[in-house]
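Reviewing the structure listed below.
The values are calculated or read from the model by the stated rules, or taken from the named source; none is laboratory data. Computed from a prediction, not measured in an experiment: that's the story for all the values here. Counting neighbours? That spans all protein chains shown, and the Cβs are built from the backbone with ideal geometry, glycine included. Accessible surface areas use protein heavy atoms only, side chains included; no ligands, DNA or RNA. Shrake-Rupley method; radii C 1.70, N 1.55, O 1.52, S 1.80 Å.
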Amino acid sequence: MSKPANPVTLPLADYSPKHFLLAVVDRVATVTLNRPERKNPLTFESYRELTDFFRACAMDDEVKTVVVSGAGGNFSSGGDVFEIIGPLIQMDTKGLTAFTRMTGDLVKAMRACPQPIVAAVEGICAGAGAIIAMASDLRLAASGAKVAFLFNKVGLAGCDMGACAILPRIIGQSRASELLYTGRFMTAEEGEKWGFFSRIVTAEQVLPQAQLLGKQIAEGPTFANTMTKRMLAMEWAMSVEEAIEAEAVAQALCMTTEDFNRAFEAFSNKRTPAFQGN
């Protein structure tokens, strides 16, 4: 595995990735996986650059939300069979463990990224592509989208990149077990019914709707939104009593922000608050 090919530089609005497309508009960063001729598979390099990008998001206050999509009518077919799976056959245990930890680092970076992440899922969303969608905070589906955690189809366990921890919390233990044991595709309709997708829209609207949702979130109180994301993650490992106490502290901190004052003044004057992120 080669070293990182393209260190992320700030501000993100001026950054030019090598392994995906990036556009920052209205404080929303849109990441587009861009190998449409192969259904946007991931490579060693794109794993690293995506991980570095999500880590860098914490250092760019001008980016408030992130949208992830795929080019050419598909989200992502997962790890590239020839550029990733082929070389894995030749690796020893140490090299394989370094690889699996590297892929897991992408999910860690997405969860640690303070900005909410919205996935716009169209067409095929499989393997590591399904993991990226799963690790996002919200997911919209295009009609006909299909999601599969294909790991057992290549002789591997379903416990990849946090799937056994995160997927059951989204769709339930039994449904997650079915998908991870069989590797079958979950339809957009199943995904919406089970809570994986917030809603289904047309293929033409999935990216604009995801960006609109991202813009709506970006217009909200940034510090408070970041705190919500942190609490959603941290409370997995807390008792209800611990969670209530943690939320009390988090909410008290939010009450010290200028955005909280702005909201009170706006509501007092029957105006919509204009949050500024501090």
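Simple spin-label estimate for V249 and N152 gives 4.0 nm between the two label positions (7 Å along the Cα-to-Cβ direction from each Cα). Taking θ as phi - 60° and the Karplus parameters 6.51, -1.76 and 1.60, the scalar couplings of region 263-278 work out to 5, 4, 5, 5, 5, 5, 9, 6, 10, 7, x, 9, 6, 10, x, 10 Hz in sequence order, x denoting glycine and proline.
In percent, rounded to a whole number, the relative contact order of the chain is 16, using alpha-carbon pairs under 8 Å and six or more apart. Amide hydrogen proximity for V201: with H placed 1.01 Å from N in the peptide plane, the residues at 5 or more positions away or on another chain lying under 5 Å are A141, A142, S143. When M227, M255, M134, M59 are compared by accessible surface with a 1.4 Å probe, the order from highest to lowest is M59, M255, M227, M134.
Amide H contacts of V68 (H built 1.01 Å from N, in plane; Pro and chain starts excluded): V31, V118, A119, A120 sit under 5 Å, all sequence-distant by 5 or more or on other chains. Note: relative contact order over region 110-198, using C-alpha pairs below 8 Å and six or more positions apart, is 29 percent. Relative to the longest principal axis of the Cα atoms of the chain, helix 173-182 runs at roughly 30 degrees.
Using a cutoff of 8 angstrom between alpha carbon atoms and counting only pairs six or more residues apart, the relative contact order for region 123-278 works out to 20 percent. Stretched out straight at 0.36 nm per residue, the stretch from I89 to E189 would grow longer than its current Cα-Cα span by 32.4 nm. Rolling a 1.4 Å probe across the protein heavy atoms gives the chain an accessible surface of 50 Å² per residue.
Taking the C-alpha atoms only, the angle from helix 44-57 to the longest principal axis of the chain is near 10 degrees. Here the spin labels are modelled as points 7 Å beyond Cα on the Cα-Cβ line, and at Q173 and N269 they lie 5.3 nm apart.
Helix-only arithmetic for the chain: the sum of -39500 (n - 2.57) across DSSP H runs with n ≥ 4, divided by the residue total, places the mean residue ellipticity at 222 nm at -14000 deg cm²/dmol.
Would you calculate the separation in nanometres between label points at E235 and A203, each defined as 7 Å from the Cα along the Cα-to-beta-carbon direction? About 3.9 nm separates the two model spin labels.
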